[in-house]
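Engineer: Got a structure here, written out as C-alpha cells. Questions coming.
Please treat every number below as a calculation from the coordinates, not as lab data. What you see is a predicted model, and the numbers here were worked out from it, not measured in a lab. Please note: Cβ atoms are built from the backbone with ideal geometry, for glycine as well, and neighbour counts cover all protein chains shown.
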Amino acid sequence: MAVLLRIQGLVAGYGEARVLAKVDLVLEQGKSLALLGRNGAGKTTLLDTIVGVTTHHAGAIQIDGKDVTRLRAEQRTPLGIGWVPQERNVFRSLTVEENLTATARPGSWTLERVYQMFPRLKERRRNLGNQLSGGEQQMLAVARALMLNPKLLLLDEPLEGLAPIIVDELLAALRRIVTDEGMSAIIVEQKARKVLPLTDDVIVLERGAVTYRDTSAALLAAPETLDAYLSV
Ligand SMILES: Nc1ncnc2c1ncn2[C@@H]1O[C@H](COP(=O)(O)OP(=O)(O)OP(=O)(O)O)[C@@H](O)[C@H]1O
C-alpha cells in the first residue's frame, strides 16, 4: 500500500528546545494510528510538527511522496492535512454552517455528508460557535477538518473533557470515518482503551522518542504492557 506519511530522524521543538528526539514513523494510506504517551511526552509536538507550527531541527517529513519539511503550515494544509488541535479553534462568532464552509475545499466530504455524520450539527447549523457545548464544538472541529477533504486527519485529544455520552457519540463517528470511510488518521489520546479499538497501529512516545510500536490489537491484548507504558 502507498505510504502517505513518512517521518525520518525528526528532531523538532520550540525555539532552541528540542522535544522530539529522532522520531521515525510511516503511515500507509487508509491506515490509522493511535499516538499515546504520558503528559509531556511530546504527542502534541509531533502533531504540531507534521502541521508545521514548531521549530525544525533535523530530519524529514514527506506527505504523499512530497518533502514538506521546509514548507510553512499554510503551504502544507493544501497538500492534504486536516488538523483538529486540542483547543478546537472553532470560530465563535460564526454559525456552525459558516464554520464548516469558511475553509472548505472541494472533494467527497460535503456539507450534506458531514451533517449525516454529525446530525447534531445539522440541528444546530444556525447557532453561533460560542453557543455550542464542548462536545458540539469538538464535533464541529472534526467536521470542519473533514470539509478540507484532507488525505490525513490529525486529532489531538478529541475526547478530552467530554461527557461520557458525547465520548461514545464521537467515537462512533470517528470509527465510521477511519474504519468505514478509510480516512488516514493519527489520533492523540489519553484514553488509550477508547482509541485502540478504532485504530490499526499504535506508537508510544516517551520523552520525545518512540519507545513502543505495534498493532493496536496487540497492545489491547496486553493490558500489563499498556499499563507499564501509560500509568502515571
Ligand atoms: N509552546 C511551547 N514552548 C516550549 N515548550 C513547550 C511548548 N509546548 C510544549 N512544550 C514542552 O514540550 C514538551 C512536550 O509537550 P507536548 O505538549 O508535546 O506533550 P504531550 O505528550 O502532548 O502532553 P499532554 O498529554 O500533556 O498534552 C513538554 O516538556 C512541554 O513543556
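Engineer: Go through 5, 10 for me and flag whichever is within 15 Å of the chain's Cα centre (by Cα) and either in contact (Cβ under 8 Å) with a residue 12 or more places away in the chain or more than 13 Å from the ligand (Cβ to nearest atom) (or both).
Structural biologist: Numbers: 10 fails: within 15 Å of the chain's Cα centre (by Cα).
One residue alone meets the criteria, 5.
Engineer: Name the single residue, out of those in region 165-178 being within 27 Å of residue 65 (Cα to Cα) and free of Cβ contacts under 8 Å to residues at least 40 places away in the same chain, that is nearest to the ligand (Cβ to nearest atom). Give the derivation first.
Structural biologist: Taking region 165-178 as the starting set, the residues that turn out to be within 27 Å of residue 65 (Cα to Cα) are 174-178.
So of that shortlist, the ones also free of Cβ contacts under 8 Å to residues at least 40 places away in the same chain come out as 174-175.
Details: 174: 18, 175: 22 Å.
Going through the qualifying residues, I end up with 174.
Engineer: Inside region 97-116, can you point out the residues that are surrounded by fewer than 20 Cβ atoms within 10 Å (Cβ to Cβ) and part of a helix (DSSP H, G or I)? Step through it out loud before you land on a result.
Structural biologist: Pass one, region 97-116, residues surrounded by fewer than 20 Cβ atoms within 10 Å (Cβ to Cβ): 97-98, 101-108, 110-113, 115-116.
Residues satisfying the conditions are 97, 98, 101, 102, 111, 112, 113, 115, 116.
Engineer: While we're here: Please go through (1) in a helix (DSSP H, G or I); (2) of a type outside the set (A, V, I, L, M, F, W, C); (3) within 17 Å of the chain's Cα centre (by Cα); (4) within 24 Å of residue 115 (Cα to Cα) for residue 182 and return the number of the only condition it doesn't satisfy.
Structural biologist: Condition (1) is where residue 182 drops out.
Engineer: Restricting attention to region 14-53, which residues are in a loop (DSSP other than H, G, I, E, B), near the ligand (Cβ under 9 Å from one of its atoms) and within 29 Å of residue 226 (Cα to Cα)? Give the steps one after another, and end with the answer.
Structural biologist: Here is the first cut: in region 14-53, the ones in a loop (DSSP other than H, G, I, E, B) are 15-16, 29-31, 37-42, 52-53.
Still in the list and also near the ligand (Cβ under 9 Å from one of its atoms): 15, 37-42.
Residues satisfying the conditions are 37, 38, 39, 40, 41, 42.
Engineer: Which residues, taken from region 136-151, are surrounded by 21 or more Cβ atoms within 10 Å (Cβ to Cβ) and either outside any helix (DSSP H, G or I) or touching a Phe, Trp or Tyr at 6+ places or on another chain (Cβ under 7 Å) (or both)?
Structural biologist: 139, 143, 145, 146, 147, 150 - these are the residues of region 136-151 that are surrounded by 21 or more Cβ atoms within 10 Å (Cβ to Cβ) and either outside any helix (DSSP H, G or I) or touching a Phe, Trp or Tyr at 6+ places or on another chain (Cβ under 7 Å) (or both).
Engineer: Among the residues of region 145-164, how many are hydrophobic (A, V, I, L, M, F, W, C) and away from the ligand (no atom under 16 Å from the Cβ)? Full working, then the answer.
Structural biologist: From region 145-164, those hydrophobic (A, V, I, L, M, F, W, C) are 145-148, 152-155, 159, 162-163; that's our starting set.
Then keep just the ones that are away from the ligand (no atom under 16 Å from the Cβ); that gives 145-148, 152-153, 163.
Residues in region 145-164 being hydrophobic (A, V, I, L, M, F, W, C) and away from the ligand (no atom under 16 Å from the Cβ): 7 in total.
Engineer: Right, something else. Any idea which residue in region 43-75 is surrounded by the fewest Cβ atoms within 10 Å (Cβ to Cβ), counting only those that are touching a residue at least 40 places away in the same chain (Cβ under 8 Å) and over 15 Å from residue 19 (Cα atoms)?
Structural biologist: First, pick out the residues of region 43-75 that are touching a residue at least 40 places away in the same chain (Cβ under 8 Å): 43-47, 50-51, 54-65.
Next cut, over 15 Å from residue 19 (Cα atoms) only: 51, 60-65.
Details: 51: 17, 60: 14, 61: 23, 62: 16, 63: 21, 64: 16, 65: 9.
Taking the candidates together, the pick is 65.
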